[in-house]
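This report refers to the structure that appears directly beneath it.
The values are calculated or read from the model by the stated rules, or taken from the named source; none is laboratory data. Not measured: the values here are computed from a predicted model. Cβ coordinates were reconstructed from backbone atoms using ideal geometry, including for glycine residues, and neighbour counts include every protein chain displayed. Remember, those area values only see protein heavy atoms, side chains included, never the ligands or the DNA or RNA. Shrake-Rupley method; radii C 1.70, N 1.55, O 1.52, S 1.80 Å.
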Amino acid sequence: MNSVAIELLAPRYPIAWYPWAVQYFFLIALSYATLWLAAPALIFGKKDWLPTARLALLACLSATLVAPVALLADLHQPLRFWHFYAYANTHSWMSVGSVILPLYLFSVMGLTWMAWRPALQANRQAPGFLGFVSRWISLGTSPTPKILMVVVGVIALVFSTGIMLYTGAEVAIVKARPLWNTHWLPPMFVATGFITAAGLMLLLNRVTQMKNSAVNSQMLKVMLVATLAAAAIAAAWVLGGINDPQGSVAAAIESIRFSDSWRATALWGSITAVVLFVGTLYMLFNTSKRPALHSWVWLLGLVAIHLGWMFRWVVLMDVQHVARNSAGFHHYGIPAGSSGLLGIVGTFGLWLAVMLLIDLFVPWRDAQQGGVATDIQPATNIDSAAKGATSHG
Amino acid sequence: MDLMRRSLLGQLARLSAGVALVPLSSIATAGINAQPARREGDPTKRYGMLIDLRQCIGCQACTVSCHIENAAPMGKFRTTVSQYEVEDQASGALATFMLPRLCNHCENPPCVPVCPVEATFQRQDGIVVVDSDRCVGCAYCVNACPYDARFINDKTQTADKCTFCAHRLEAGLLPACVESCVGGARIIGDMRDPNSQISQMIAEYGEQLMVLQPEKNTVPQVFYLGMDERFVTRPVAEAALLEVLDDQGKEMGYEFRGH
């Protein structure tokens with residue numbers, strides 16, 4: 001008996017998680033990925049990773065500070081955030097996350113403070129407000145022990161894996177949204193997080209005028225590994241789910257079959273990923289032969305950042321448009337207010353402001369693995385001739 | 001790709017995935033996301049609802065009376081009746097199918113364990129409720145419910161849902177939707193009492209009763225009599241109502257497809 005049905009009457013179901021969630025997932029992924037990029041030099045003492053680590057730490061602290069703001073804003077009752085601790089429980093991934101997040105935040109702040117402290121101490125005698133801030137933040141002139149940085153750094157790395165696990169699991173356990181309900185979502189968040197972080201580093205390397213070619217080649221390698229990992233995860237997701245009529249792969253195929261906008265999204269996502277991968281390979285093999293290419297890798301960084309943000313937008317926002325109990329797809333126009341555009345722009349604005357404030361008051365370019373003020377060797381710009389005061393031209 | 005090859009590839013992927021993810025998934029299933037203990041409510045009762053679709057005429061009296069009783073904000077519903085036009089392709093014959101929806105007060109409710117502050121909980125009589133003084137409005141439960149039974153109440157900014165009108169049940173009254181149903185299609189009662197109407201109807205119709213999305217393993221406690229199995233999972237239907245948007249993408253109104 002073949003029949004066709006038309007849904008005459010059904011309520012519209014609006015999205016429940018707003019773009020704030022995308023901002024949180026984006027920033028927290030940048031946070032943990034950049035922490036791992038800062039780790040080789042600042043925690044494990046690998047000197048040739050120091051320029052990368054200095055940039056990574058700037059990105060890491062700023063993202064770590066702003067991410068919880070976006071998360072709080074996604075609550076409909078943000079002032080009740082203390083309920084998370086008054087009524088904490090172990091059966092909700094979100095509750096587990098609410099315990100891990102502050103621990104992670106404080107460990108990152110501790111690590112960053114120690115890495116910047118010798119340079120801050122060197123600035124104690126600086127005139128005016130800069131000297132005041134340096135004296136105030138550096139808390140005395142005692143040396144910063146390396147071993148303490150290793151301990152705090154390893155603790156931060158441990159908590160960062162907790163963040164990776166909880167942010168992924170929180171979404172992946174939701175059976176009601178088949179597109180989310182896959183074991184492959186958490187590793188994909190991590191892989192795209194590293195893609196985005198590597199991209200951001202390429203961009204920061206350019207806009208901060210560090211223009212360090214070692215940073216570029218290290219980040220291109222990270223990007224290559226991360227894109228290959230993401231491709232492997234995507235392939236495993238498809239192959240593992242292709243026979244399951246209820247799974248996330250089936251839901252994805254159905255969405256692509258019946259929705260023009262999902263088809264466009266899938267196509268755009270695939271093109272972006274291919275462009276990023278080919279571009280990374282090209283830069284990796286050609287920058288050594290043609291050093292002039294170094295001044296263009298930041299473009300690849302923009303593509304990577306776009307890919308990482310778009311992945312989170314599609315996963316967290318677009319998936320909520322797929323009706324699960326009624327027919328078709330729900331329409332969602334991004335509202336202009338704080339639950340929409342203003343929230344997105346505001347989060348990025350806050351992030352930029354935090355980075356600029358740090359840049360204004362903290363000699364982050366001289367971050368190092370502990371020590372005392374006299375150890376400070378000013379950061380050298382390998383490619384640029386700028387000396388002394390940093391320029392932002 | 002032929003089926004054999006597809007299944008072989010699938011097996012291979014599952015094998016490699018399995019090795020990597022076994023410890024992860026066992027952590028996820030043990031403890032975290034398990035149902036917390038039920039609290040409050042009468043432990044000697046288990047409320048459930050049976051909806052006799054043969055009696056439903058789609059008048060939406062339940063939708064309206066619920067809306068008034070529970071003061072839900074405009075456009076959000078604790079219960080409503082979805083309506084479908086079904087056409088037999090061979091004969092061209094048309095039929096209308098009504099599907100009243102509400103919270104299923106599942107035996108294994110996916111909305112409860114996700115709540116980070118235990119604001120939503122299941123009472124010992126099976127009713128799933130929200131403590132709106134404790135709810136932080138994270139909307140995790142709204143996403144976790146496969147039945148779209150939950151929403152964020154714009155007035156309270158907390159999660160809202162059908163409570164089987166627990167406040168009325170406690171006062172010896174029927175839920176608003178049951179009270180107002182012109183066809184007597186909604187039957188609520190204590191399923192632990194063998195003499196209740198619902199228990200007797202469950203015993204009488206047994207196999208004929210269906211629940212929504214049984215494959216989600218939520219074990220719903222709202223049973224449908226006279227159900228068409230094509231509507232048990234997400235209905236394979238075309239949405240008839242289209243939003244009309246202006247140049248800025250803002251909603252202006254609705255129109256029916258094809259008009």
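All but one of (1) of a type outside the set (A, V, I, L, M); (2) within 14 Å of chain B (Cβ to nearest Cβ); (3) open to solvent by 10 Å² or more (accessible area, probe 1.4 Å) hold for A:Arg54; state the number of the condition that does not hold. Here A:Arg54 meets the rest and fails (2). Taken over region A:81-113, the criterion of being assigned to a helix (DSSP H, G or I) and among the polar types (S, T, N, Q) is satisfied by A:Ser95, A:Ser98, A:Ser107, A:Thr112.
Conditions (1) surrounded by 20 or more Cβ atoms within 10 Å (Cβ to Cβ); (2) free of Cβ contacts under 8 Å to residues at least 12 places away in the same chain; (3) more than 15 Å from the chain's Cα centre (by Cα); (4) away from chain B (no Cβ under 11 Å), marked per residue:
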| site | (1), (2), (3), (4) |
| --- | --- |
| A:Gly140 | no, yes, yes, yes |
| A:Leu148 | no, no, yes, yes |
| A:Val158 | no, yes, yes, yes |
| A:Thr167 | yes, no, no, yes |
| A:Glu170 | yes, no, yes, no |
| A:Arg177 | no, no, yes, no |
| A:Phe189 | yes, no, no, yes |
| A:Met201 | yes, no, no, yes |
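Filtering A:Ala327, A:Ala236, A:Ala229 for residues that are touching a strand residue (DSSP E or B) at 6+ places or on another chain (Cβ under 6 Å) and either open to solvent by less than 40 Å² (accessible area, probe 1.4 Å) or assigned to a helix (DSSP H, G or I) (or both) leaves a single hit, A:Ala327. Only one entry of B:Cys145, B:Cys177, B:Cys138 meets the criterion of being surrounded by 22 or more Cβ atoms within 10 Å (Cβ to Cβ), assigned by TED's automatic domain parsing to the domain that holds B:Asn108 and touching a His at 6+ places or on another chain (Cβ under 8 Å), and that entry is B:Cys138. Based on this model, can you work out whether A:Ser98 counts as farther than 17 Å from A:Leu157 by Cβ and without any contact (Cβ under 8 Å) to a residue 40 or more places away in the chain? Yes; evaluated as a whole, the condition is true for this residue. Among the residues of region B:192-241, just one is open to solvent by 40 Å² or more (accessible area, probe 1.4 Å), assigned to a strand (DSSP E or B), at pLDDT below 90 and aliphatic (A, V, I, L, M), namely B:Leu241. The numbered conditions (1) small (Gly, Ala, Ser); (2) open to solvent by less than 30 Å² (accessible area, probe 1.4 Å); (3) more than 14 Å from chain B (Cβ to nearest Cβ) are all true for A:Gly45 except (2).
Exactly one of (1) surrounded by 19 or more Cβ atoms within 10 Å (Cβ to Cβ); (2) in contact with a helix residue (DSSP H, G or I) (Cβ under 6 Å, 6 or more places away or on another chain) is unmet by A:His76. Its number? Failing condition for A:His76: (2).
Looking across region A:259-295, the residues that are open to solvent by 70 Å² or more (accessible area, probe 1.4 Å), modelled with pLDDT under 90 and more than 30 Å from B:Ala237 (Cβ to Cβ) come down to A:Ser288, A:Lys289, A:Arg290, A:Pro291, A:Ala292.
Just one residue in the set B:Phe121, B:Phe164, B:Phe97 is over 22 Å from B:Pro43 (Cβ atoms), in the same structural domain as B:Lys76 (by TED's automatic domain parsing) and not aliphatic (A, V, I, L, M); that residue is B:Phe97.
Scanning region A:13-42 for residues that are open to solvent by 20 Å² or more (accessible area, probe 1.4 Å) and touching an Asp or Glu at 6+ places or on another chain (Cβ under 8 Å) returns A:Tyr13, A:Tyr18, A:Trp20. Condition check for A:Ser92 on (1) surrounded by 24 or more Cβ atoms within 10 Å (Cβ to Cβ); (2) more than 14 Å from chain B (Cβ to nearest Cβ); (3) among the small types (Gly, Ala, Ser): one failure, at (2). In the set (1) open to solvent by less than 50 Å² (accessible area, probe 1.4 Å); (2) of a type outside the set (Phe, Trp, Tyr); (3) without any contact (Cβ under 8 Å) to a residue 60 or more places away in the chain, the condition left unmet by B:Gly189 is number (3).
Please tell me if A:Leu9 is away from chain B (no Cβ under 11 Å) and out of contact with any Leu (no Cβ under 7 Å at 6 or more places or on another chain). The answer is no for A:Leu9.
Checking each residue in region B:104-124 for being surrounded by 22 or more Cβ atoms within 10 Å (Cβ to Cβ), of a type outside the set (S, T, N, Q) and more than 12 Å from chain A (Cβ to nearest Cβ) picks out only B:His105. Taking the criterion of being within 16 Å of the chain's Cα centre (by Cα), open to solvent by 30 Å² or more (accessible area, probe 1.4 Å) and away from chain A (no Cβ under 14 Å), would at least one residue in region B:159-171 satisfy it? Taking every residue of region B:159-171 in turn, none turns out to be within 16 Å of the chain's Cα centre (by Cα), open to solvent by 30 Å² or more (accessible area, probe 1.4 Å) and away from chain A (no Cβ under 14 Å). Residues in region A:239-246: is at least one under 20 Å from A:Ala304 (Cβ atoms) and open to solvent by 10 Å² or more (accessible area, probe 1.4 Å)? Looking for residues that are under 20 Å from A:Ala304 (Cβ atoms) and open to solvent by 10 Å² or more (accessible area, probe 1.4 Å), one finds none in region A:239-246, hence no. Considering only residues in region A:57-80 that are more than 23 Å from the chain's Cα centre (by Cα) and in a helix (DSSP H, G or I), the one that is nearest to the other protein chains (Cβ to nearest Cβ) turns out to be A:Arg80. Which number in (1) within 17 Å of A:Asn216 (Cβ to Cβ); (2) of a type outside the set (S, T, N, Q); (3) free of Cβ contacts under 8 Å to residues at least 24 places away in the same chain marks the one condition that A:Val297 misses? Every listed condition holds for A:Val297 apart from (3).
Of the numbered criteria (1) crowded, with 18+ Cβ neighbours inside 10 Å; (2) at pLDDT 95 or above; (3) of a type outside the set (Val, Ile, Thr), the one A:Met114 fails is (2).
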